[in-house]
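The values are calculated or read from the model by the stated rules, or taken from the named source; none is laboratory data. Because the structure is a prediction, the values reported are computed rather than measured. Here the Cβ is made from the backbone with ideal geometry for all residues, glycine too, and neighbour counts use every protein chain on show.
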There are 2 protein chains.
Amino acid sequence: MADKILRINMSDLSTKVEDVPEAWMGHGGRGLTSTIVAAEVVPTCHPLGEDNKLVFAPGLLSGTPAANSGRLSCGAKSPLTGTIKEANAGGTSAQMLAKLGVKAMIIEGKPADGAKWYSLHIDENGATIKEETEVIGLGNFETVQKLNDRLGAKVGVITIGPAGEMLMAAANISVKDPDSHMRSNGRGGLGAVMGSKKIKFISIEPTTNKVDIADVEAFRTANRAFAKSLVDNPISQALGQYGTNVLVNIINESGGIPTKNFTTGQFEGHESISGETMYDTIVARGGKPKHNCHAGCVIQCSQVYADAKGGYRTSGFEYETIWAFGADCCIENLDQIAEADNILDDLGLDSIEIPVAFAVAMEGGVLNFGDGDGVLRILNEDVAKGTPLGRIIGNGAGSVGKAYGVTRVPVVKNQAIPAYDPRAIKGIGITYATSTQGADHTMGYTIATNILGVGGSLDPLSKEGQVELSRNLQIATAAIDSTGMCLFIAFAALDDATCLPALIDLINARFGIGLTADDVTNLGKYILKTEHEFNLAAGFTNKDDRLPEFFSKEPIAPHNVVWDITDEAIDSFWDF
Amino acid sequence: MADKILRINMSDLSTKVEDVPEAWMGHGGRGLTSTIVAAEVVPTCHPLGEDNKLVFAPGLLSGTPAANSGRLSCGAKSPLTGTIKEANAGGTSAQMLAKLGVKAMIIEGKPADGAKWYSLHIDENGATIKEETEVIGLGNFETVQKLNDRLGAKVGVITIGPAGEMLMAAANISVKDPDSHMRSNGRGGLGAVMGSKKIKFISIEPTTNKVDIADVEAFRTANRAFAKSLVDNPISQALGQYGTNVLVNIINESGGIPTKNFTTGQFEGHESISGETMYDTIVARGGKPKHNCHAGCVIQCSQVYADAKGGYRTSGFEYETIWAFGADCCIENLDQIAEADNILDDLGLDSIEIPVAFAVAMEGGVLNFGDGDGVLRILNEDVAKGTPLGRIIGNGAGSVGKAYGVTRVPVVKNQAIPAYDPRAIKGIGITYATSTQGADHTMGYTIATNILGVGGSLDPLSKEGQVELSRNLQIATAAIDSTGMCLFIAFAALDDATCLPALIDLINARFGIGLTADDVTNLGKYILKTEHEFNLAAGFTNKDDRLPEFFSKEPIAPHNVVWDITDEAIDSFWDF
């Protein structure tokens, strides 16, 4: 069926089906959400006000049989950062929306009377708004279970947890995966934007429709080459075995694993939380070391972490979360970290922002470093219930820093810096500083080249070449984020000459067009510039493209290095 | 004795006496604090970090017999707004410092070990740093009492309360007045900067020194004319009788008294909190309707508000505080408001920022509008003790808005908008938007001309002429804030042709120079531009010179008007 735009107005509770404007036709995923947000959202608006818009878009290849193409992009002005924001997630919704011909959903306005909650249901005819009461206040797991019961196990679900209902700035949007667990549009508080629109969940009708493919044979050929490239890649294989948590020992060895609220670069307890330990624990307990977050994934970096009795504890248990509760908060107990991750999945909170916020709270004297029981207690008793302390933490690391007068607060544009210290791995510092989205490793993952030797090799401690590395990766990432592809295809794309041409062939076969590699690069550049212009119009300047001052003042062990890339070098990022 | 600069380094606990640099010689008060902050503070630094500096400066005429010249300026980068900040207060310290030849005190650095607290003692020889334990954690009243006991009743005291110790962004700095009560460098969280330096108080040795006056006879003549102009002015007289709270009925009548968190422009309960009611209550209970906050004040707008038994309840009980707890929080009980004001004086918190924060908390569901008991309970049980809720409120209205997801948050540059609604009194909206300090009525008090008919008359509801009005007043205010004069001399200066020449004669006689009215205007322009450039270097743009969007969307009764001055008109403020 023909692609369409669904426009949902929560001020007057109306919905419309619109044709796709010419200018949006070549876009998908992040490219489309950022194009729409830039075109329709007043850059200076209040992120939780009626002028913000929440935009969902499957990627260009979502809904097709292309491997790893099931990511759903979500965009808006972020209540955490004040910048434009795109966050993407796996799960089943991107493919279901694409098969229904939904190129994008634009949710605008907000009910003048904030007393009622609503749901959206998406099917072939468009969107239907209904008042909702049953699942209001419930966690994500129970919400999904009740919706499976109500609408059938195959229904697609996009939902917010209690954190989004309470408008916490670290609230995420959760997407049901094939096992009815959660994948997250994690960063930047998009769940609070959905909460401000008074939408608890979006359900998607299962369909037998297929996405139109212009040249089926060419598509099949390209997909075989593409999938083989992914499967053969050694980093894909490591991700499949240990998950992203394979990185604990690697980043610890590099001296760049931020520990005890970013005061040192190695964590003594790293073995207790490493990917290897996690793998052994999962196997011993009968969990699943491999798991895919969406149909068609051939990397399977997810896993099901089991508790001591073999029951489900958490999945999608990522390095950055384990690092943040582990090294950054000094919690050496993987079971406690898994329980915390599960609570965050249920409440609908960013599992990077919140543990980094806890580390700042530990420095501020709220609880002691290493106090895993304290973290679990505060999550259950404060964050879940929206007490004042829960709201301080639920609003992220910057919020905690302000509440307790802490000056060592690892944020850029108020978003928590993740699991790679920019003093010891300088390329990622450029990404943190310049990303249009606040500190976010996924926006230009220089760890690939700085540490993993993918796409070449660049000394992480050198000042040379880091801006170029980050720029090239940020451009490529923006393009990949438009395809619906998981970012982890980048390892193969950077190292295997057959991968990127196969990806471009997939897009060309899907739409019957003739994109070149240059077109893809230009798409990435267009997205970054569109996002950057939005931010400038919102009042951001190059002064916001800076790391917190403590990185320049406090050397980090074991290399005893500071952040020493000049402001001028950072600003040259935008020279393209 | 020759003027000097005291430089106190809290990183190495050293002090120095420095000559006054040539470039600083013509400056005092705000002109000097802003010049020093702009010259020495990294604009992008963390306000609570070692690179911020806290600068105190008496005005150009402080310490002389000039009427109303006892204001002490304090400047730094603000932890509340992130902008440059100057706040000034009465009390005895400005005159004492001036008599000791202290042109400015610059407090820089911070102790690496944050465990210890210190005091400064200032005498003829400079500053002495001592470790302090006795008064740590105490409120301002008890601190001043203990220091009077320790150092003699005439000692000058500049102190922070528990709020400053806890680094709350609305913490003020308190200055002892002649009756050992508190006057406040109120806005922008300068108390948190002092707390970050680990200085609990600054004591000042009494002296019999006199300030040098170049032409004593000319000074006397000018002072007689100046004081007569102040005393004869009808607004001075109204301020003497009813205090600033004379404004409740006037601003209510104008339809511009923001009520119930800025949702309407008149307060039904206005009679219960008016200046007239306050005066009658004070007289009936045996309080003092008139009181001066520093020696030499001939206006005496302060008062001592007595409790039902005739005991001291509060002083310096200002319209803006009474408005904020009264109309904005809908509390109709003047005794409760006085008690709240007294608690804020004791804790050392801005009595505009905090009640505006309470009104936002009421909208956010933390307590009900009108719940005076709830306000007192939260002040005593939460704010005083630094609980999470106390910290949310102690960090101001913007902090409360973020914690509870409220979108109607009346702040500019994160500082609470005071007692005059910019929709109904448009000139003051220009001041809020463009002030270098965040929303602050005292920076360009257009109420004079929009409402009181002082300095001419300009329809408060008209869009015409408001930018020019605010600009002229902001320039004049910056100059007045440099003299050590109370801002309330402006009413006489605007309406009596003898006042401003007499003030200029005072300055000329003090220093043996020949300033003209143009020189004074140029001084004001220089100060505003210096402050503005600091803010631009800190990352502010014209996008920060805006009122919150709800002012443009929600009409306010009774005039049913919105904020409708264009961005272009606002930006033209800086065309000078």
(request) Return only the number of the condition from (1) over 22 Å from the mean Cα position of the chain (by Cα); (2) aliphatic (A, V, I, L, M); (3) away from chain B (no Cβ under 14 Å) that A:A448 does not satisfy. (result) (1)
(message) Looking at segment B:357-377 only, could you name the residues that are of a type outside the set (A, V, I, L, M, F, W, C) and free of Cβ contacts under 8 Å to residues at least 60 places away in the same chain?
(response) B:G364, B:G365, B:N368, B:G370, B:D371, B:G372, B:D373, B:G374, B:R377
(request) State whether one or more residues within segment A:470-487 are farther than 17 Å from A:L32 by Cβ, at pLDDT 95 or above, more than 14 Å from chain B (Cβ to nearest Cβ) and out of contact with any Gly (no Cβ under 9 Å at 6 or more places or on another chain). (result) no
(request) Those residues that are within 14 Å of another protein chain (Cβ to nearest Cβ), under 20 Å from the mean Cα position of the chain (by Cα) and either part of a loop (DSSP other than H, G, I, E, B) or hydrophobic (A, V, I, L, M, F, W, C) (or both), I need them from segment B:134-189; list them, please. (result) B:I160, B:A163, B:L167, B:M168, B:A169, B:A170, B:A171, B:G189
(request) Go through segment B:376-430 residue by residue and tally those that are part of a loop (DSSP other than H, G, I, E, B), more than 20 Å from the chain's Cα centre (by Cα), within 13 Å of chain A (Cβ to nearest Cβ) and not charged (D, E, K, R). (result) 6
(message) Among the residues of segment B:332-353, what is the count of those that are of a type in the set (G, A, S) and farther than 10 Å from B:A171 by Cα?
(response) 2
(request) Kindly indicate which of B:F573, B:F534, B:F540 is part of a helix (DSSP H, G or I), within 14 Å of chain A (Cβ to nearest Cβ) and of a type outside the set (V, I, T). (result) B:F534
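Residue-wise test of (1) closer than 12 Å to B:L239 by Cβ; (2) part of a strand (DSSP E or B); (3) at pLDDT below 95.
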position: B:V283; (1), (2), (3): no, no, yes
position: B:A295; (1), (2), (3): no, no, yes
position: B:I299; (1), (2), (3): yes, no, yes
position: B:S302; (1), (2), (3): yes, yes, yes
position: B:A308; (1), (2), (3): no, no, yes
position: B:R313; (1), (2), (3): no, yes, yes
position: B:F317; (1), (2), (3): no, no, yes
(request) Say whether the condition of being within 14 Å of chain A (Cβ to nearest Cβ), modelled with pLDDT of 95 or more, buried (at least 24 other Cβ atoms within 10 Å of the Cβ) and in a loop (DSSP other than H, G, I, E, B) is met by at least one residue in segment B:81-95. (result) yes
(request) State whether one or more residues within segment B:255-266 are modelled with pLDDT under 95 and under 22 Å from the mean Cα position of the chain (by Cα). (result) no
(request) Hey, can you tell me all the residues within segment A:206-228 that are under 18 Å from A:A94 (Cα atoms) and buried (at least 17 other Cβ atoms within 10 Å of the Cβ)? (result) A:T207, A:V211, A:I213
(request) Kindly indicate which of B:S174, B:S184, B:S203 is in contact with a His (Cβ under 8 Å, 6 or more places away or on another chain) and among the small types (G, A, S). (result) B:S203
(message) Going by what's in this entry, would A:R30 be described as part of a strand (DSSP E or B) and either in contact with an Asp or Glu (Cβ under 8 Å, 6 or more places away or on another chain) or over 23 Å from A:V211 (Cα atoms) (or both)?
(response) no
(request) Give the residue that is surrounded by the most Cβ atoms within 10 Å (Cβ to Cβ), with candidates limited to residues of segment A:115-136 that are over 27 Å from A:K103 (Cα atoms) and in contact with a strand residue (DSSP E or B) (Cβ under 9 Å, 6 or more places away or on another chain). (result) A:V135
(message) Out of everything in segment B:42-80 that is hydrophobic (A, V, I, L, M, F, W, C) and more than 24 Å from B:G101 (Cα to Cα), what residue ends up being surrounded by the most Cβ atoms within 10 Å (Cβ to Cβ)?
(response) B:L80
(message) Looking at A:A76, A:A104, A:A66, A:A112 in this structure, which one is in contact (Cβ under 8 Å) with a residue 12 or more places away in the chain, touching a helix residue (DSSP H, G or I) at 6+ places or on another chain (Cβ under 7 Å), among the hydrophobic types (A, V, I, L, M, F, W, C) and closer than 25 Å to B:V406 by Cβ?
(response) A:A76
(message) B:V400 - would you say it is modelled with pLDDT of 95 or more, touching a Leu at 6+ places or on another chain (Cβ under 7 Å) and surrounded by 24 or more Cβ atoms within 10 Å (Cβ to Cβ)?
(response) no
(message) I need the full set of residues from segment B:517-576 which are among the small types (G, A, S), surrounded by fewer than 18 Cβ atoms within 10 Å (Cβ to Cβ) and under 23 Å from B:A38 (Cβ atoms), in order please.
(response) B:A537
(request) Determine which member of the set A:N245, A:N249 is surrounded by fewer than 22 Cβ atoms within 10 Å (Cβ to Cβ) and assigned to a helix (DSSP H, G or I). (result) A:N249
(request) For segment A:114-133, indicate whether the set of residues that are farther than 30 Å from A:I527 by Cα, among the acidic types (D, E) and not in a strand (DSSP E or B) is non-empty. (result) no
(message) Could you tell me how many of the residues in segment B:33-55 are away from chain A (no Cβ under 14 Å) and either part of a loop (DSSP other than H, G, I, E, B) or under 15 Å from B:M10 (Cβ atoms) (or both)?
(response) 4
(message) Can you pull out every residue in segment A:1-52 that is among the polar types (S, T, N, Q) and either farther than 28 Å from A:D113 by Cα or in contact with a strand residue (DSSP E or B) (Cβ under 6 Å, 6 or more places away or on another chain) (or both)?
(response) A:N9, A:T15, A:T33, A:S34, A:T35, A:N52
(message) Yes or no: segment A:225-241 includes at least one residue that is on the phi < 0 side of the Ramachandran plot and either within 16 Å of the chain's Cα centre (by Cα) or within 14 Å of another protein chain (Cβ to nearest Cβ) (or both).
(response) no
(message) Just the residues that are among the small types (G, A, S) and either within 10 Å of chain A (Cβ to nearest Cβ) or surrounded by fewer than 20 Cβ atoms within 10 Å (Cβ to Cβ) (or both), please, taken from segment B:505-516.
(response) B:G512, B:G514
(request) Quick one: in segment A:461-485, of everything that is out of contact with any Lys or Arg (no Cβ under 6 Å at 6 or more places or on another chain) and outside any helix (DSSP H, G or I), which residue is nearest to A:A225 (Cα to Cα)? (result) A:M485
